[in-house]
1. Going by C-beta contacts inside 10 Å, put Asp41, Asp19, Asp65 in order with the fewest on the left.
2. To make sure I understand, if each residue's beta carbon is the centre and we count other beta carbons within 10 Å, what order do Arg89, Arg78 fall in, fewest to most?
3. Please express the Cα-Cα pair-distance distribution P(r) of the chain as a list of whole percents, one per 5 Å bin, running from 0 to the bin with the greatest distance.
4. Order by neighbour count: Tyr32, Tyr70, fewest other Cβ atoms within 10 Å first, most last.
5. Which of Gly27, Ser128, Gly15 sits farthest toward the positive end of the charge dipole of the chain, with +1 on the Cβ of Lys and Arg and -1 on the Cβ of Asp and Glu?
6. Mind putting a number on the dipole of segment 1-100 about its Cα centre? Charges go on the C-beta only, +1 for Lys and Arg and -1 for Asp and Glu, and I need it in Debye to the nearest 20.
7. Longer than 26 Å from Cα to Cα, which of Lys68/Lys129; Lys2/Lys76; Lys68/Lys102 are they? Say none if no pair is.
8. Figure the gain on full extension for Val3 and Phe91 (residue separation times 0.36 nm, minus the Cα-Cα span) and round it to one decimal in nm.
Amino acid sequence: MKVTKNLSILNKVFGFKADNEHPQIIGAGLQYYFGSGDSLDWSATVQRINLKGLKYFSLSSLSIDLRKWYKLKSFKFRLGIGSNYFKQRTFSNTDVLPAMIKGQINYLGFDFSLPIRTFNLGLENQISKSMIISTAFVQKEIF
């Protein structure tokens, strides 16, 4: 949700069913847009996300990234860097998994967005040495 011309509030709330458990992903953050003149083509994001509701497992993460938007005709893409700090806890009496794992994943970000009528369709990517995370999105401006 865009609060001002250059500040957005981010929110993630969803859940799913896994066997007899119902985990929830709950997150919030801020995204600030800045740049030269009136372009606001740079964005900085800070986001905190928690995975809760599993009997033997929990995960917390803090993501920070900085990216710049580029425009080529009606096609927009964004490049940047980021880092994800995470803490995972296991609540079981097994020696297979450690009770706590902390870490950091640094990544390159690549997104693209294409306007179709009043919507923006896009794909956000986080690429690190060990994984690629992709998220498809649909955006609609309210104002």
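1. Asp19, Asp41, Asp65
2. Listing Arg89, Arg78 from fewest to most nearby Cβ atoms yields Arg89, Arg78.
3. Going out from 0 Å in 5 Å bins, the chain shows 2, 8, 13, 20, 20, 14, 10, 6, 4, 2, 1, 0 percent.
4. Tyr70, Tyr32
5. Checked the options; the winner is Gly27.
6. Charge dipole, segment 1-100, about its Cα centre: 380 debye, nearest 20.
7. In this structure, Lys68/Lys102 exceed 26 Å between Cα atoms.
8. The Val3-Phe91 span can extend by a further 27.8 nm.
Computed from the coordinates by the stated procedures, all read-outs in this text should not be read as laboratory data. What you see is a predicted model; the values in this text were computed from it and never measured. No Cβ is skipped: glycine too gets one built from the backbone with ideal geometry, and neighbour counts run over all protein chains shown.
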